Amino acid sequence: MPISPLERPAELVIAPIVLPPVTVLAKSDHALITREALLREKKLRCTWREDELRESRDKTLSQAVRSEHYKAAQALADDAQVLEERLSRQFVPTHGSCQFISPRAFFASPLFRVGAYQEALERDVELELGGDSQGKPIRYSGPELRQGEGLVFLALLNMLRDVPAGSVVTFAPKALCIALFGHYDGRSRGRLRDRIRRLQKGQIRAADYTVQLCLRFEHPSTGGWAVSLDRDIVCLFERTYIWLDVPTRLALPEGLATWLYGYVRAQTRLIPTAIMTLKALCGSHASERAFTNSLRDALLHLKTHKLIDAGYQLKNGQVRWRKPLNQV
């Protein structure tokens, strides 16, 4: 299982970002179940199992009594395994409050594409995002999504990480706007609402399941908003998944720089890459010259945040780059 990285550029002072808490609706089937509660139950059963095993080895007890203790220990081990399976089946992978997490394929594809602000969003697109654990294709269908929708998707995963997928939760839209956009007004509120709506219309289709990127969304004009993730969204994490640092992601200018951050983190190592390959992967419609200029600016931001080594080059239509030596 991959190890969650903790990285923060030493010379950059980045204010901590706190995403708003969520409240599970009382009417939800999962209102009283959280990751913490299941972990606590699992820990209890493991402790009791050790007690039973200790008794089963006590030579002062009769063989029949020791056998009963051993059977009890086996039953507790089975209970703990059931709880572990629930944790892996009902929750997205564990990550911290200052981390974003995503399936690797989302960071190495044009799912959340790079586009100019003035470009109109396509109503319907079809994309192939790689393969599942059996090598069968995974596809996206729905409205065009950009880096803005990607940010909101990552935020929702983070906010709902400790409740079972499918739980309906409420949150304060003002707090989320401030966390993601740095301010709150009617325009930012509308932007957040529209991005979640587009996520709600988007579907990831695999051979054995179809997942909405956001299952339910209620956005009354006053008070809290309610949202839930598809129960099967955990299936997207069956293969590799990637962590991003929340403050770093929010500090980068949205667009090519943020897409490259995800792409770089999705690579085990960076090899010389054709500029046009990156252009295709990020879904940019810019001309080659305009994209190269944008790429030059974006790489500078990545270098500043210690996400790539300072010795990168754009030469002969390629990016020659590598990760910082302390990350290789």
Check each of the chymotrypsin sites (Phe, Trp or Tyr not before Pro) in the stretch 26-118 and keep only those in coil by DSSP with at most 11 other C-beta atoms within 10 angstrom; list them in order. 117
Just subtract the alpha-carbon distance of residue 201 and residue 58 from 0.36 nm times their residue separation and send over the number in nm, one decimal. 45.4 nm
Expected sort for 59, 306, 201 with the fewest Cβ neighbours (10 Å cutoff) up front is 59, 201, 306
Structure shown: which of 42/71; 43/136; 136/323; 279/323; 174/201 lie over 29 Å apart, alpha-carbon to alpha-carbon? 43/136; 136/323
DSSP loop GluC sites (Glu not before Pro) in the stretch 154-258 with at most 15 other Cβ atoms within 10 Å of their Cβ, which ones? 238
Furthest towards positive pole of dipole, 270, 295, 152, structure part the chain, Cβ charges: 295
So residue 304 and residue 77, fully extended at 0.36 nm per residue minus their Cα-Cα distance, gain in nm 76.8 nm
Can you tell me the length gained on complete extension of the stretch residue 68 to residue 34, counting 0.36 nm per residue apart and subtracting the Cα distance? 9.0 nm
Provide 174, 71 in ascending order of the number of other Cβ atoms located within 10 Å of each residue's Cβ, fewest first. 71, 174
Under-5 Å amide H pairs with residue 102, H placed in peptide plane, nonlocal only: 242
Can you compute the charge dipole magnitude of the chain about its Cα centre, using +1 on each Lys and Arg Cβ and -1 on each Asp and Glu Cβ, nothing else charged? Give it in debye, rounded to the nearest 20. 680
Using only the Cα atoms of the stretch 217-274, build the gyration tensor, take square roots of its eigenvalues as a ≥ b ≥ c, and label the shape rounded, prolate or oblate: rounded if a/c is under 1.5, else prolate if a/b is larger than b/c, else oblate. oblate
If I compute Cα extents along the principal axes in Å from the structure I just sent, which labelled value in [x] 111, 44, 31; [y] 83, 50, 43; [z] 125, 41, 27 lines up? [y]
Using alpha-carbon pairs under 8 Å, 6+ residues apart, how would you state the relative contact order of the stretch 252-328 in percent? 38
What percent do you get for the relative contact order of the chain when only Cα pairs under 8 Å and 6+ apart count? 21
Under a point-charge model restricted to the Cβ atoms of Lys and Arg (+1) and Asp and Glu (-1), what is the dipole moment magnitude of the stretch 252-328 relative to its Cα centre, in debye to the nearest 20? 260
Before rounding to the nearest 500, sum -39500 (n - 2.57) across all DSSP H runs of length at least 4 in the chain and divide by the residue total; then give [θ] at 222 nm in deg cm²/dmol. -13000 deg cm²/dmol
From fewest to most C-beta neighbours within 10 Å, the residues 40, 322 line up as 40, 322
What fraction of the DSSP beta bridges in the chain is antiparallel, stated in percent and rounded to the nearest 5? 95
Computed from the beta carbon distance with a Förster radius of 56 Å, FRET efficiency for residue 187 and residue 316 to the nearest 0.05 stands at 0.80
Helix 35-56 vs. the chain, principal-axis angle (Cα, 0 to 90°, nearest 10): 30
Pairing the Cα long axis of helix 186-201 with the longest principal axis of the chain, what angle in degrees results, from 0 to 90 and rounded to the nearest 10? 70
Between the stretch 269-314 and the stretch 85-129, the alpha-carbon center distance in angstrom: 20
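Read the figures in this text as sums done on the coordinates, not as results from a lab. Please read all numbers here as calculations on a predicted model, not as lab measurements. All Cβ positions, even for glycine, are placed from backbone atoms using ideal geometry, and neighbour counts span all protein chains on display.
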